[in-house]
Amino acid sequence: MASTTTAVSAGASPGSPAAAAAAGSAEEIAADGYVFGYSPVAMARTRAGHVCRSGTNTLLNVPVLSTPASRSVVAPNVDTLYSVAWLDLRDGPVQLTLPDTTDRYVVFEMLDIYSNVFANVGTRLNGSQPGTYLITPPGWSGTVPTGTTAIAAPSWDVWALGRTLVSGDGDLPAARAVQRQYTVAATGLGVTGPVPPALPAVDCANPPDPQTPDDAGAAFFDELAAVLAADPPPAADGPAVTSLESIGVVPGSTPSTGDPATVAALAAGVTAGESQVQAAAEDVLVPSGTWLGSFDGGVYGTDYLLRSAVAVVGVGANVPQEALYYWSGPDADGEPLTGGHAYRMHFAAGELPPVEAAGFWSVTMYDEEMFLVPNPLRRYALGDRSDLAVNPDGSIDLYLSATAPAGHLSNWLPAPDGPFNLMIRAYVPTESALANSWHPPAIEKIS
């Protein structure tokens, strides 16, 4: 946000005409403010939808895998069961308890309201042993109970997002048994300092859409101001906050009710900022051979444009060390993928998606809108838990088509008749994957 840096370096006081002049026009400041605020507003809207269903400090386990009927989020996975809780730490720390998960991959991702991942708990970092974790509010200095690991949260509102690996339909009962042993509970340990106000209540009959924060127009900044009051940003965000103050966006305010000229500038800034965010989202993925990979995400510092772009692609993205995602590009000839053709992905021996022993990989088929594709086999992905045929030289071929390929049924990933997309998930990737030195194979058209 170059304009905010200019205002601070010029020594202008917050809210002064000099600050506004140094930073640029009100519309430009609002556009920068939209880029800054896109992710926290999207997160607050995501929270609102969950709280309307389950409240806070309560764990919601989803005991079924995604199907083509799953339309609440794009690109649903069929590898894991989800567990979701939104924590409100204003009454003190909240406790998360995990059981012994044996050899099953599990992770609970912890995100602050600004979409930064501040902790992961589970297989990669903690192994399979049981654990009790105390998520503490900002500035908390109480006594941590014996046998409990404290995790300091940067914000008062926290998204705890759990994933439990499933090895096919036959494994569902065992995976659910593990999932049922997770607990989230308030502790009664209290707070040790000032407590900010809670986020505003939401009209649960008409919850806001997390994927379209621009739909509020100038009132987007009312939502952002509510987040700033409820979850004060870190000191590093000071220049951005100062810039927002210069156009009347201060914690707890309702800027959309201000003078008409400023409100018009705010609305124009939302439009301009949305264009910036969407353009950045087009470039947020990094080329990896003929595919695109998610090598940046999870922790953003003051790179607000990256933070917003990742929120467009997938709000709540984890750090690459926990999971890498690859999106398919065109086929090897540069043509879009369509079920009108048959394709092959050839993994040379030893060149499957590189993951550590604790991790897993999968290739999932989606339609043009990134939803799962109905098919008679109810097969939506292939991966390390699939019974794949291996070629004599140790290589593996996956076949992608709308009709079953003769002699290759076990390695067939059914495609729709029309355009389609693929996603490779690599959980607990190796260093070679993180360094982008491994690339998914090109998709070869075979008919």
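The values are calculated or read from the model by the stated rules, or taken from the named source; none is laboratory data. Quick caveat, the model's predicted, so the values are computed rather than measured. Please note: Cβ atoms are built from the backbone with ideal geometry, for glycine as well, and neighbour counts cover all protein chains shown. All accessible areas refer to the heavy atoms of the entire protein, side chains included, with ligands and DNA or RNA removed. Shrake-Rupley method; radii C 1.70, N 1.55, O 1.52, S 1.80 Å.
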> Do the sum for the chain: with -39,500 (n - 2.57) for every DSSP H run of n ≥ 4, divided by all residues, what is the mean residue ellipticity at 222 nm, to the nearest 500 deg cm²/dmol?
Replying inline: -7500 deg cm²/dmol
> For Asp209 and Arg378, what is the calculated FRET efficiency with R₀ set at 41 Å and r taken between the beta-carbons, to the nearest 0.05?
Replying inline: 0.85
>> Can you work out the Karplus-derived ³J(HN,Hα) for every residue in the range 265-277? Use 6.51 cos²θ - 1.76 cosθ + 1.60 with θ = phi - 60°, whole Hz, and x for glycine or proline.
In response: 5, 4, 5, 5, x, 4, 4, 5, x, 4, 4, 5, 5
>> If I compute Cα extents along the principal axes in Å from the structure I just sent, which labelled value in [x] 103, 55, 43; [y] 81, 58, 40; [z] 73, 54, 42 lines up?
In response: [z]
> Stretch Arg71-Leu434 to full length: gain in nm at 0.36 nm per residue minus the Cα-Cα span?
Replying inline: 127.6 nm
> Once fully extended, how much extra length lies between Asp103 and Asp387, figured as 0.36 nm per residue of separation less the alpha-carbon to alpha-carbon distance?
Replying inline: 100.3 nm
> Any idea what the relative contact order of the chain is, in percent, if you count C-alpha pairs under 8 Å spaced at least 6 apart?
Replying inline: 19 percent
> Just how far, in whole angstrom, is the range 204-259 from the range 363-397 if you go by their alpha carbon centroids?
Replying inline: 43 Å
> Per the Kirkwood definition applied to all pairs of different Cα atoms, how many angstroms is the hydrodynamic radius of the range 314-418?
Replying inline: 15.1 Å
> With charges set only on the Cβ (+1 for Lys and Arg, -1 for Asp and Glu), what does the dipole of the chain come to about its Cα centre, in debye to the nearest 20?
Replying inline: 1200 debye
> Once you wrap a convex hull around the alpha carbon atoms of the range 89-222, what is its projected area averaged over all directions, in nm²?
Replying inline: 10.7 nm²
> How about the range 338-447: which trypsin sites (Lys or Arg not before Pro) there are in a DSSP loop, with at most 13 other Cβ atoms within 10 Å of their Cβ?
Replying inline: Arg378
> Accessible area per residue of the chain at 1.4 Å probe, in Å²?
Replying inline: 40 Å²
> When the Karplus curve 6.51 cos²θ - 1.76 cosθ + 1.60 is applied with θ = phi - 60°, which whole-Hz ³J(HN,Hα) does each residue of the range 162-172 get, with x for Gly and Pro?
Replying inline: x, 10, 10, 5, 10, 9, x, 4, x, 8, 4
> Amide H to amide H, which residues 5 or more places from Gly252 or on other chains are under 5 Å from it, using H placed in the peptide plane?
Replying inline: Ala226, Leu228, Ala229
>> With the crude spin-label approximation of a point 7 Å out along Cα→Cβ, what separation in nm comes out for Arg180 versus Thr302?
In response: 5.1 nm
> Roughly what would the spin-label model give for Thr271 and Val202, points 7 Å off Cα along C-beta, in nm?
Replying inline: 2.7 nm
>> What's the ranking of 319-329, 390-400, 118-128 by average number of surrounding C-beta atoms within 10 Å, highest first?
In response: 319-329, 118-128, 390-400
> Roughly speaking, to the nearest percent, how much of the chain's 1.4 Å accessible area is carbon and sulfur?
Replying inline: 55 percent
> In debye to the nearest 20, how big a dipole does the range 88-162 give about its Cα centre with +1 on each Lys and Arg Cβ and -1 on each Asp and Glu Cβ?
Replying inline: 140 debye
> Each residue of the range 68-74 in turn: what ³J(HN,Hα) in whole Hz from Karplus with 6.51, -1.76, 1.60 and θ = phi - 60°, glycine and Pro shown as x?
Replying inline: x, 7, 7, 10, 6, 9, 6
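Can you tell me what share of the DSSP beta bridges in the chain is antiparallel? A percent to the nearest 5 is fine.
90 percent
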> For Ala279 and Ala264 in one chain, what is 0.36 nm times their gap in residues minus the Cα-Cα distance, to one decimal in nm?
Replying inline: 3.1 nm
> Given H placed 1.01 Å from N in the peptide plane, which residues other than close sequence neighbours of Thr290 have an amide H under 5 Å from its amide H?
Replying inline: none
>> Can you compute the modelled spin-label distance between Glu351 and Val250, with each label point 7 Å from Cα toward Cβ, in nm?
In response: 6.1 nm
>> Cut-off 10 angstrom, C-alpha nodes, Gaussian network model of the chain. Which of Ser39, Ser141, Ser275 fluctuates the most?
In response: Ser141
>> If I take every Cα pair under 8 Å that is 6 or more residues apart in the range 23-85, average their sequence separation and divide by the length, what percent do I get for the relative contact order?
In response: 29 percent
> Taking a temperature of 10 °C and a viscosity of 1.306 mPa s, what whole-number D in µm²/s does Stokes-Einstein yield for the range 165-223 with Rh from Kirkwood over alpha carbon pairs?
Replying inline: 95 µm²/s
